[in-house]
Amino acid sequence: MVSRLSLPGVVFSIFLISSSFPCQAQLCSNFYDSKCPNALATIRTAIRRAVSSERRMAASLIRLHFHDCFVQGCDASIMLDNSPSIDSEKFSFVNNNSIRGFEVIDGAKAQVESICPGVVSCADIAAVAARDASVAVGGPSWTVRLGRRDSTKASRSLADSNIPRATNSFSELIDLFSRKGLSERDMVALSGSHSIGQARCVTFRARIHDNSSDIDAGFASTRRRSCPSTSGNGDNNLAPLDLVTPNSLDNNYFRNLIQRRGLLQSDQVLFSGQSTDSIVTEYSRNPSLFSSDFAAAMLRMGDIEPLTGSQGEIRRVCSVVN
């Protein structure tokens, strides 16, 4: 049973499962084995260096991949800058002044281009970077399926409507994830990435100042110190999503929810008398199960509507079409 596996055992099991089915949805784990055999090692080195320099970057890279996949599928559309033909997703309500890590992906892309020009997509680099970021902060590994191509278009409007927000209700979150073919368990597992990273005051101000019964009073008081109640005052002040182990991808996030210490409304609704309460409880008690489910959910998310074959292109620079 998964509950009896150690974390190394879980990671090995995930590797075996993924390796047994190397191809799915036209994506294959060995896609670059002959085309660019050093691609994954090159990306891994770049991500390790970036996370070593700033631990928060691990959360940013996982989030970047997530926000990419929820708009048009995992096609690197989120990386495109504004142009006469591109309405950049970077400036959507959820992403503007919030989404990070573009320079890390750009750096990895430049290094891969230097050894294999025009072969490895930005979308694949983002998927691999998310996995390597997880590993860098003590989270699980998984075998990434590859072969995505890059979009030649972006959609700010779809980013506004498809990406979950910090203020979403439980039913809204269920709807957003189910539209992408992801289950309630996938949703809860993926939300566990909030075990790392930080949030801006503007995203949790209402939760900590409304004296709601679903937030621990001491926790709310602590968070108010750096997040004043007045809009426009300290909007960009940061707070860790997990006060206890803010730099480790672990299951402490779920313990926080049970103690009513979820920083965002969209976190706490996962443990609020809803159908996901039991999943949160499972993960709070069983770190190996969380690790296994997180890896599996990241794989499923990475398979959302990829461009393959002759679709799209392999961008030379991630921020612009060729």
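Restricting to the range 66-86, and then to whatever is charged (D, E, K, R) and surrounded by 24 or more Cβ atoms within 10 Å (Cβ to Cβ), can you tell me which residue is farthest from the chain's Cα centre (by Cα)?
Taking the range 66-86 first, the residues charged (D, E, K, R) are 68, 75, 81.
Adding the requirement that they be surrounded by 24 or more Cβ atoms within 10 Å (Cβ to Cβ) leaves 68, 75.
Working: 68: 9, 75: 15 Å.
The selected residue is 75.
Identify, from the list 68, 132, the residue that is part of a helix (DSSP H, G or I) and under 14 Å from residue 151 (Cα atoms). Give the derivation first.
Working: 132 fails: under 14 Å from residue 151 (Cα atoms).
Of 68, 132, the one residue that is part of a helix (DSSP H, G or I) and under 14 Å from residue 151 (Cα atoms) is 68.
May I ask you to verify whether residue 303 is open to solvent by less than 30 Å² (accessible area, probe 1.4 Å), touching a Gly at 6+ places or on another chain (Cβ under 9 Å), at pLDDT 95 or above and among the acidic types (Asp, Glu)? Show your work before the answer.
On the way: open to solvent by less than 30 Å² (accessible area, probe 1.4 Å): yes; touching a Gly at 6+ places or on another chain (Cβ under 9 Å): yes; at pLDDT 95 or above: yes; among the acidic types (Asp, Glu): yes.
In short, yes.
I need a count of the residues in the range 29-65 that are open to solvent by 50 Å² or more (accessible area, probe 1.4 Å), more than 29 Å from residue 181 (Cβ to Cβ), touching a residue at least 40 places away in the same chain (Cβ under 8 Å) and part of a loop (DSSP other than H, G, I, E, B).
2
Are there any pairs with C-beta distances below 8 angstrom linking a residue in the range 130-157 that is touching a residue at least 40 places away in the same chain (Cβ under 8 Å) and among the acidic types (Asp, Glu) to a residue that is in a loop (DSSP other than H, G, I, E, B) and buried (at least 20 other Cβ atoms within 10 Å of the Cβ), with the two at least 6 apart or on different chains, and if so which?
150/75; 150/76; 150/121; 150/312; 150/315; 150/318
Just checking, does the range 94-109 include any residue being surrounded by 24 or more Cβ atoms within 10 Å (Cβ to Cβ) and not in a helix (DSSP H, G or I)? Can you show your working first?
Within the range 94-109, the subset surrounded by 24 or more Cβ atoms within 10 Å (Cβ to Cβ) is 101, 104-105, 108-109.
From the residues that got through so far, the ones that are not in a helix (DSSP H, G or I) too are 101.
There is at least one residue in the range 94-109 that is surrounded by 24 or more Cβ atoms within 10 Å (Cβ to Cβ) and not in a helix (DSSP H, G or I).
So if I check each of 276, 245, which one is in contact (Cβ under 8 Å) with a residue 40 or more places away in the chain and touching a Leu at 6+ places or on another chain (Cβ under 6 Å)? Before you say what the answer is, go through the steps one by one.
Details: 245 fails: touching a Leu at 6+ places or on another chain (Cβ under 6 Å).
Being in contact (Cβ under 8 Å) with a residue 40 or more places away in the chain and touching a Leu at 6+ places or on another chain (Cβ under 6 Å) holds for just one of 276, 245, which is 276.
Do we have residue 262 as touching a helix residue (DSSP H, G or I) at 6+ places or on another chain (Cβ under 8 Å), closer than 30 Å to residue 76 by Cβ, at pLDDT 95 or above and open to solvent by less than 20 Å² (accessible area, probe 1.4 Å) here? Walk me through it before giving the result.
Values: touching a helix residue (DSSP H, G or I) at 6+ places or on another chain (Cβ under 8 Å): yes; closer than 30 Å to residue 76 by Cβ: no; at pLDDT 95 or above: yes; open to solvent by less than 20 Å² (accessible area, probe 1.4 Å): yes.
No; evaluated as a whole, the condition is false for this residue.
The values are calculated or read from the model by the stated rules, or taken from the named source; none is laboratory data. Quick caveat, the model's predicted, so the values are computed rather than measured. So basically every Cβ, Gly included, is an ideal-geometry build from the backbone, and we count neighbours across all protein chains shown. With ligands, DNA and RNA removed, areas are computed over all heavy atoms of the protein, side chains included. Shrake-Rupley method; radii C 1.70, N 1.55, O 1.52, S 1.80 Å.
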